[in-house]
Amino acid sequence: MIDSEKCITIAVTGSIAAYRTCEIVRNLKKAGYPVRVIMTKNALNFIGKATFEALTEKLVLVDEYESYMAHIEVKRLASVFAIVPATANIIGKMANGISDDLVSSTYLAIQCPVVVAPAMNPGMYLSKPVQRNIIQLKNDGVEVIDPLEGIVVCGDEGKGKLADNSIIESRLIQNHMSYKS
């Protein structure tokens, strides 16, 4: 077992917006909230797990087999499960019940509130498959924090930028506090 404190659990996926999750984690910790991070292997292309381990002072898991039944350990400790940033890939897996990595397996096992903050190219975000998957997540009770409009890293403009950190932090705190009470 990794420890026993109920915490805000943030899953980081493979998006350039992953760097913004560092500030979210830092702000939540600074405000006194317990935070744990898990990551997809693709997220490691954007930020290392050592960064999140330093920020949370907790082990960061990436692979289901790093710890015995890691997805079950993580789900038992989560007061809220957030995917920040959420890629089209993870949104599709979640909406269709696909479980092929630690993040998607944890999502299927989780029993606490789930929050998703999408971040991707505007064309991807507005595509019919992604919009269909987002509708499915909402129907499944997942809270989706809409992305912002603006210019994204590739230079395209439109809706797809990760929501403001303060909005994400507020939703995570609110879900954490309601789950604990």
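The values are calculated or read from the model by the stated rules, or taken from the named source; none is laboratory data. As the structure is a computational prediction, the values presented were derived from the model and not from experiment. Heads up, the Cβs are rebuilt from the backbone with ideal geometry, glycines too, and the neighbour counts pull from every protein chain shown.
Would you mind finding the one in Lys58, Lys30 that is in contact with a strand residue (DSSP E or B) (Cβ under 8 Å, 6 or more places away or on another chain) and either of a type in the set (Lys, Arg) or surrounded by fewer than 16 Cβ atoms within 10 Å (Cβ to Cβ) (or both)?
Lys58
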- [ ] Considering every residue within segment 157-172, establish whether at least one is exposed (fewer than 13 other Cβ atoms within 10 Å of the Cβ), touching a helix residue (DSSP H, G or I) at 6+ places or on another chain (Cβ under 9 Å) and under 25 Å from Lys6 (Cβ atoms).
- [x] yes
- [ ] Among the numbered conditions (1) surrounded by fewer than 16 Cβ atoms within 10 Å (Cβ to Cβ); (2) within 26 Å of Gln131 (Cβ to Cβ), tell me where Asp63 comes up short.
- [x] (2)
Task: Selected residue [under 10 Å from the mean Cα position of the chain (by Cα) and within 26 Å of Leu28 (Cα to Cα)] from Ala70, Ala82 - done: Ala82
TODO: Hey, could you check segment 1-50 for residues that are small (Gly, Ala, Ser) and either in contact with a Gly (Cβ under 9 Å, 6 or more places away or on another chain) or under 24 Å from Ser178 (Cβ atoms) (or both) and say which is modelled with the lowest pLDDT?
DONE: Ser4
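Looking at Asn89, Asn165, Asn139 in this structure, which one is more than 24 Å from Val25 (Cα to Cα), of a type outside the set (A, V, I, L, M, F, W, C) and modelled with pLDDT of 95 or more?
On the way: Asn89 fails: more than 24 Å from Val25 (Cα to Cα); Asn165 fails: more than 24 Å from Val25 (Cα to Cα).
None of the other options fit; the residue is Asn139.
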Open item on the list: Contact list please: Cβ distance under 6 Å, first residue in segment 73-92 and more than 18 Å from Gly123 (Cβ to Cβ), second residue acidic (Asp, Glu) and part of a strand (DSSP E or B), pairs at least six apart or on different chains.
Closed with: none
Task: Hits in segment 106-129 (condition: surrounded by 21 or more Cβ atoms within 10 Å (Cβ to Cβ) and part of a helix (DSSP H, G or I)) - done: Thr106, Tyr107, Tyr125
Task: Positions within segment 62-87 being hydrophobic (A, V, I, L, M, F, W, C) and touching a His at 6+ places or on another chain (Cβ under 9 Å), in sequence order - done: Val80
